[in-house]
Amino acid sequence: MKQRRLTWTKVVFWVISCLLLVVISGFVYEWIASKHDKSQHPPLGRMVDAGGYRLHIHKMGAGSPTIVLESGSGESSLSWRDIPEKLSSFATVVSYDRAGYAWSEEANTPRTGENIVRELHTALKNADIQAPYILVGHSLGGCTQDSMHRRTETKSQDWFWWMLGLRMMPGGQIRSMPKNGLRLIPRRSYPFS
C-alpha cells in the first residue's frame, strides 16, 4: 500500500513539474519574442508623454482640420491600414495606440474612458497637434471619442477642444458630421447614454 501511494505521489509530482515547465517555457518564449519584435519593428510615429508614460502617435499630412482616429477594442493604430495615408492628402491625420497596446507603454492608471480621454488630450497637447479635430472612432474607439465629445461640451477649464464633428464606424450609432464646420454638432442617439 505504501509503495502504491509513493508511486502515485511521484507520478503526480512529475506531471505537475512537466506542466509547470511547459507554462514557464511559454512565458519565456513570449518575453523573448516580444523583445525581438520591438527591436525589429520600431514605431511608425513617435512616442509622446501622456502623463508619466508614453503613447505612440502617428501623424500624417498637414493642414486643418486634424482627424483623430481611435481604434476598436484590442486593436492598434495599424488597424486603420491605408486610411490615414488617403486622408492625409487634405488634412492632418493622427492615429495612436492606447496605453498598453502596440508601441505604447503601459499606463499606471485604470483603463477607464475618462483616463483614456485624458491621456489622448495630454498626448495631443504634448505633440503640439492643433485643433480643430474631427473624431473618428471604430467600435469601442467610438465610445472613447464620444467621451471626448461629451467632455468638450462641458468645456471644463483645462479642456479647450474645438470639434468639427464626430463619426463612428460600424459598432456605434453616432452619424453626425458638421454642416458648416464651425460649431459643435449636437448629439443624436448615443448608444451608451
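The values are calculated or read from the model by the stated rules, or taken from the named source; none is laboratory data. Not measured: the values here are computed from a predicted model. No Cβ is skipped: glycine too gets one built from the backbone with ideal geometry, and neighbour counts run over all protein chains shown. To get the accessible areas, we keep the full protein, side chains included, count just its heavy atoms, and leave off ligands, DNA and RNA. Shrake-Rupley method; radii C 1.70, N 1.55, O 1.52, S 1.80 Å.
Considering only residues in region 121-137 that are part of a loop (DSSP other than H, G, I, E, B) and at pLDDT below 90, the one that is farthest from A99 (Cα to Cα) turns out to be P132.
For the subset of region 62-99 comprising residues that are part of a loop (DSSP other than H, G, I, E, B) and polar (S, T, N, Q), which member is least open to solvent (accessible area, probe 1.4 Å)? If you could, list the steps in order and put the result at the bottom.
Step one: of region 62-99, the residues part of a loop (DSSP other than H, G, I, E, B) are 62-65, 71-76, 81-82, 88-91, 98-99.
Right, trim to polar (S, T, N, Q) and you get 64, 71, 73, 76, 88-89.
Details: S64: 79, S71: 3, S73: 76, S76: 26, S88: 26, S89: 99 Å².
Here the answer is S71.
Do you know which residues across region 110-126 are under 29 Å from H36 (Cβ atoms) and surrounded by fewer than 19 Cβ atoms within 10 Å (Cβ to Cβ)? The one that is under 29 Å from H36 (Cβ atoms) and surrounded by fewer than 19 Cβ atoms within 10 Å (Cβ to Cβ): R111. On the stretch given as region 51-89, residues that are at pLDDT 90 or above and of a type in the set (F, W, Y) total 1.
Considering R46, R54, the condition of being basic (K, R) and surrounded by fewer than 17 Cβ atoms within 10 Å (Cβ to Cβ) is satisfied by R46 alone.
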